[in-house]
Amino acid sequence: MHPSIPFFLAPIVLAIAGPRLRRVLQIAVPLAAFFLLRATAPLGAGRSEIILSFMGYGFIPIRMDALALLFAYTFIIFGLLANIYGLHATDRRTPVASNIYIGSSIGAVLAGDLVTLFIFWEIMALSSALLIWNKDRAASVGAMFRYLLVHLTGGLFFFSGILIKLIAKEAMTFEALGWSTASQLIFIGFAVNAAIPPLHAWLSDAYPEGTPTGSLYLSCFTTKVAVYAFARGFAGSEILIWLGAFAAVYGVIFALMENDTRRLLAYHIICQVGYMLCGIGIGSAIGVNAGTGHAIGNILFKGLLFMATGAIIEATGKSKLSELGGLASRMPLVFSFYMVGTLAISGAPLLNGYITKGLLLKSAAEAHMGWLELLLLLVAVGTFLSIGCKLAYFAFFGKPCDVKIKPVPANSHVAMAATSILCFSIGIFPNTFIPLLPFPQHGGFYDAAHVIHNLQLLLGTYLGFLFIRQYLHTEDTLTLDTDWFYRRASELFIKGICFPIHFTQLLVQQAWTLSIALLHTHISEKFLPQRMTPLSYPLLWMTTAFAIAGFTLLILKFS
Amino acid sequence: MSSAHSKKQPVKLRNTVIALFVLAILGEILFIHPHDPHEWWQRVPGFHALLGLIAGVISITAAKALGKYILYRKVTYYEKPGGKV
């Protein structure tokens, strides 16, 4: 039985269930899916697949191998953590949409053929769009429609690729896809979901708009499914290294500029996906291990950061750094969990980011790409600077904000604590996690040089921040990004097209009015009642009657 | 009293960080001997510390300048007259 089934069945009950049943289901559904998957394929099991034949094509709705299972298990575990985080929420839409979203994400990573993948891909787009809709933020509706617009366009590229393959009678199995026209179209479809700049603006536009729980789900699934798809279909494509490096730098620069807490983190998703794509683009066993391992790690620490910022937003009602400050003493637990996430994403020793970032640097070194290694170090500096220094300082220290703080629910604390424990356990015991990666991998992560280099990098960055901290101010501004092209430039474009039409219309209208007016003046001057003689009227009528008669005769003659 | 205390704290923090920073560089010089440096920057002791310090200051200054002179707009930039976004 497909492990997504509990996630697809639950919404039917969740839509009508009362709060207590809803809470029970939120815990029970991921557990049921976990045991279902475990019964079919334990983590680390060999490859197995189910093949169905339909209209002469062989479809593989379920294919389980190390790569797919690693993502499927992580999605289920993170789904459970996110459900626990949002147990106190009262709205029905989030649980309904999130269950379908998690189910379709698992379906997508287990899909063995392109058609199945595409179907789950589109269900993901539709269900995740519902999570953006947030009644507390008027801007969220617009963001949701823009999100849908971009994702359905990306889906069309993916679909065109599939159609070309179908027409050419190529196999539909989802393995390494090569670089044909069809594959290139599919690549664009994947790139939209992976938020590779310049196709990324949907992410930074939409993710900060959802409810705290809604955005938590969003931060995890869509981009990671795309990373999985790249690892499966395009591992070793050199273009991914370039795109990944560009995404990493782009994301980190925009994060440094950002004022909204969750938008800052959203830019870091783009940056971290760039890291993963670099590993996948290198394509060696260690590169793919690093890319996928970092995706799994990222789900945990980025989820933790979204949980902590979500807790701040729920407690204070504010999301902008310029409106926050001094929260460390008022929300000490949230601050601690936030710092765990920060240190993990920055690659501090004892946390999971250290392991996967270390693998990534190693894969770049083994591929003799010194420039990439240096670039990834630079991006790590920017990452710690924006999340660990800037966001942490302005939200938790700095000028204290004058807001009333609502208590953070216990279930949210439990979810944050559990995620922190997972981050630590992978960091401290990497040998429990490393064997789960798709390719065999040797250990040896804690050599003295690597540890001290990481500490130096973090200390140097923090020291630099301390020096320039007094010159930094948060400003309540909006940063232009590539969504400008479909939010503003498209409007100008439509105006540009409409202007000649409007102008011509206006010209014709004016000419018509003018000629009528002229005619009117001309006629009325001649036929002014006071100028009319007694004979004028009969003459006018007779002329008109003759004209009509002559015209009728002419028509009759020539018809 | 409290203001003097709050002013003292950042200085104390900064001194601690500077001390740790120097320690980390010294630790590398004294105890770490890279056996297989394949890039020039791996032979420079304390390179990572300086990279963090210099690249950090430059990147945040550059990002802020990019925002200030080119990319920052008012938060109402995309809003239509009716208040719709």
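Collect the residues in the range A:188-237 that are surrounded by fewer than 24 Cβ atoms within 10 Å (Cβ to Cβ) and either aromatic (F, W, Y) or free of Cβ contacts under 8 Å to residues at least 24 places away in the same chain (or both), keeping them in residue-number order.
A:F234
From the list A:I312, A:I286, A:I282, which residue is open to solvent by less than 10 Å² (accessible area, probe 1.4 Å) and not assigned by TED's automatic domain parsing to the domain that holds A:Y228? Talk me through it step by step, then tell me what you get.
Details: A:I286 fails: open to solvent by less than 10 Å² (accessible area, probe 1.4 Å); A:I282 fails: open to solvent by less than 10 Å² (accessible area, probe 1.4 Å).
Exactly one residue qualifies, and that residue is A:I312.
One residue is enough: does the range A:462-470 have a residue meeting the conditions farther than 29 Å from B:I29 by Cα, in the same structural domain as A:P349 (by TED's automatic domain parsing) and of a type outside the set (V, I, T)?
Filtering the range A:462-470 for residues farther than 29 Å from B:I29 by Cα gives A:469-470.
Next cut, in the same structural domain as A:P349 (by TED's automatic domain parsing) only: A:469-470.
Checking the rest, the ones that are also of a type outside the set (V, I, T) come to A:469-470.
Yes, there is a match, as at least one residue in the range A:462-470 is farther than 29 Å from B:I29 by Cα, in the same structural domain as A:P349 (by TED's automatic domain parsing) and of a type outside the set (V, I, T).
Return the pairs, sorted by first residue and then second, in which the second residue is of a type in the set (D, E, K, R), the first residue lies in the range A:445-467 and is modelled with pLDDT under 95, the beta carbons are less than 6 Å apart, and the residues are 6+ apart or on different chains.
Qualifying pairs under 6 Å: A:I452/B:E28; A:L466/B:R14.
Answer yes or no as to whether A:R93 is within 20 Å of the chain's Cα centre (by Cα) and open to solvent by 40 Å² or more (accessible area, probe 1.4 Å).
Working: within 20 Å of the chain's Cα centre (by Cα): yes; open to solvent by 40 Å² or more (accessible area, probe 1.4 Å): yes.
In short, yes.
Only one residue in B:I70, B:I58 is more than 7 Å from every other protein chain (Cβ to nearest Cβ), open to solvent by 80 Å² or more (accessible area, probe 1.4 Å), under 21 Å from A:V379 (Cα atoms) and at pLDDT 90 or above. Which one?
Details: B:I70 fails: under 21 Å from A:V379 (Cα atoms).
One residue alone meets the criteria, B:I58.
Is there a residue in the range A:332-341 that is surrounded by 21 or more Cβ atoms within 10 Å (Cβ to Cβ), among the small types (G, A, S) and within 14 Å of another protein chain (Cβ to nearest Cβ)? Step through it out loud before you land on a result.
Let us first name the residues in the range A:332-341 that are surrounded by 21 or more Cβ atoms within 10 Å (Cβ to Cβ), namely A:334, A:337-338, A:340-341.
Narrowing the set further to residues that are among the small types (G, A, S) leaves A:341.
Of the ones still in play, those that are also within 14 Å of another protein chain (Cβ to nearest Cβ) are none.
Taking every residue of the range A:332-341 in turn, none turns out to be surrounded by 21 or more Cβ atoms within 10 Å (Cβ to Cβ), among the small types (G, A, S) and within 14 Å of another protein chain (Cβ to nearest Cβ).
When residues of the range A:382-394 are filtered for being within 10 Å of chain B (Cβ to nearest Cβ) and open to solvent by 10 Å² or more (accessible area, probe 1.4 Å), how many remain?
Of the range A:382-394, the ones within 10 Å of chain B (Cβ to nearest Cβ) are A:382, A:384-386, A:389-390.
Still in the list and also open to solvent by 10 Å² or more (accessible area, probe 1.4 Å): A:384.
Final tally of qualifying residues: 1.
Exactly one of (1) more than 23 Å from the chain's Cα centre (by Cα); (2) open to solvent by less than 10 Å² (accessible area, probe 1.4 Å); (3) within 18 Å of B:A49 (Cβ to Cβ) is unmet by A:V379. Its number?
Result: A:V379 fails condition (1) only.
Just to check your reading of the model, which residue among A:Y275, A:Y267 is touching a Phe, Trp or Tyr at 6+ places or on another chain (Cβ under 8 Å) and not charged (D, E, K, R)? It would help to see each step written out before you state the result.
Values: A:Y275 fails: touching a Phe, Trp or Tyr at 6+ places or on another chain (Cβ under 8 Å).
Of A:Y275, A:Y267, the one residue that is touching a Phe, Trp or Tyr at 6+ places or on another chain (Cβ under 8 Å) and not charged (D, E, K, R) is A:Y267.
Check A:E122 against each of (1) open to solvent by less than 10 Å² (accessible area, probe 1.4 Å); (2) modelled with pLDDT of 95 or more and name the one condition it does not meet.
Evaluating A:E122 over (1) open to solvent by less than 10 Å² (accessible area, probe 1.4 Å); (2) modelled with pLDDT of 95 or more leaves (1) as the failure.
Which condition breaks for A:W242 when tested against (1) more than 14 Å from chain B (Cβ to nearest Cβ); (2) of a type outside the set (K, R); (3) in contact with a strand residue (DSSP E or B) (Cβ under 8 Å, 6 or more places away or on another chain)?
Among (1) more than 14 Å from chain B (Cβ to nearest Cβ); (2) of a type outside the set (K, R); (3) in contact with a strand residue (DSSP E or B) (Cβ under 8 Å, 6 or more places away or on another chain), A:W242 violates only (3).
Please determine whether any residue of the range A:47-55 is within 26 Å of the chain's Cα centre (by Cα), open to solvent by 30 Å² or more (accessible area, probe 1.4 Å) and in the same structural domain as A:Y217 (by TED's automatic domain parsing).
Just the residues of the range A:47-55 that are within 26 Å of the chain's Cα centre (by Cα), to begin with: none.
The answer is no, given that none of the residues of the range A:47-55 is within 26 Å of the chain's Cα centre (by Cα), open to solvent by 30 Å² or more (accessible area, probe 1.4 Å) and in the same structural domain as A:Y217 (by TED's automatic domain parsing).
Go through the range A:508-533 and count every residue that is open to solvent by 100 Å² or more (accessible area, probe 1.4 Å) and either modelled with pLDDT of 75 or more or within 53 Å of the chain's Cα centre (by Cα) (or both).
So the answer is 5.
What's the total number of residues in the range A:410-433 that are touching a Pro at 6+ places or on another chain (Cβ under 9 Å) and more than 14 Å from A:N83 (Cα to Cα)?
Here is the first cut: in the range A:410-433, the ones touching a Pro at 6+ places or on another chain (Cβ under 9 Å) are A:412, A:427.
When the remaining residues are screened for being more than 14 Å from A:N83 (Cα to Cα), the result is A:427.
Summing the residues that are touching a Pro at 6+ places or on another chain (Cβ under 9 Å) and more than 14 Å from A:N83 (Cα to Cα) in the range A:410-433 gives 1.
Just one of A:A66, A:A111 is of a type in the set (G, A, S) and surrounded by 24 or more Cβ atoms within 10 Å (Cβ to Cβ); which is it?
On the way: A:A66 fails: surrounded by 24 or more Cβ atoms within 10 Å (Cβ to Cβ).
Selected residue: A:A111, the only one of A:A66, A:A111 that is of a type in the set (G, A, S) and surrounded by 24 or more Cβ atoms within 10 Å (Cβ to Cβ).
Of A:G326, A:G398, which residue is modelled with pLDDT under 95, open to solvent by 30 Å² or more (accessible area, probe 1.4 Å) and either closer than 24 Å to B:V44 by Cβ or part of a loop (DSSP other than H, G, I, E, B) (or both)?
Numbers: A:G326 fails: open to solvent by 30 Å² or more (accessible area, probe 1.4 Å).
Selected residue: A:G398, the only one of A:G326, A:G398 that is modelled with pLDDT under 95, open to solvent by 30 Å² or more (accessible area, probe 1.4 Å) and either closer than 24 Å to B:V44 by Cβ or part of a loop (DSSP other than H, G, I, E, B) (or both).
Taking A:K169, is it of a type in the set (K, R), part of a loop (DSSP other than H, G, I, E, B) and either away from chain B (no Cβ under 14 Å) or crowded, with 19+ Cβ neighbours inside 10 Å (or both)? Full working, then the answer.
Working: of a type in the set (K, R): yes; part of a loop (DSSP other than H, G, I, E, B): yes; either away from chain B (no Cβ under 14 Å) or crowded, with 19+ Cβ neighbours inside 10 Å (or both): yes.
Yes: the conditions hold for A:K169.
A:P349 is checked against (1) in a loop (DSSP other than H, G, I, E, B); (2) open to solvent by 20 Å² or more (accessible area, probe 1.4 Å); (3) away from chain B (no Cβ under 13 Å) and fails just one. What number does that condition carry?
Failed condition: (3).
Tell me which helices (runs of 4 or more DSSP H) are completely within the range A:407-484 and hold 1 or more residues being more than 14 Å from chain B (Cβ to nearest Cβ) and open to solvent by 20 Å² or more (accessible area, probe 1.4 Å), or say none if there are none. Can you show your working first?
Values: elements: A:410-428, A:430-433, A:448-468.
It comes to A:410-428, A:430-433.
The values are calculated or read from the model by the stated rules, or taken from the named source; none is laboratory data. What you see is a predicted model; the values in this text were computed from it and never measured. Please note: Cβ atoms are built from the backbone with ideal geometry, for glycine as well, and neighbour counts cover all protein chains shown. Areas reflect the complete protein model, heavy atoms only, side chains present, ligands, DNA and RNA absent. Shrake-Rupley method; radii C 1.70, N 1.55, O 1.52, S 1.80 Å.
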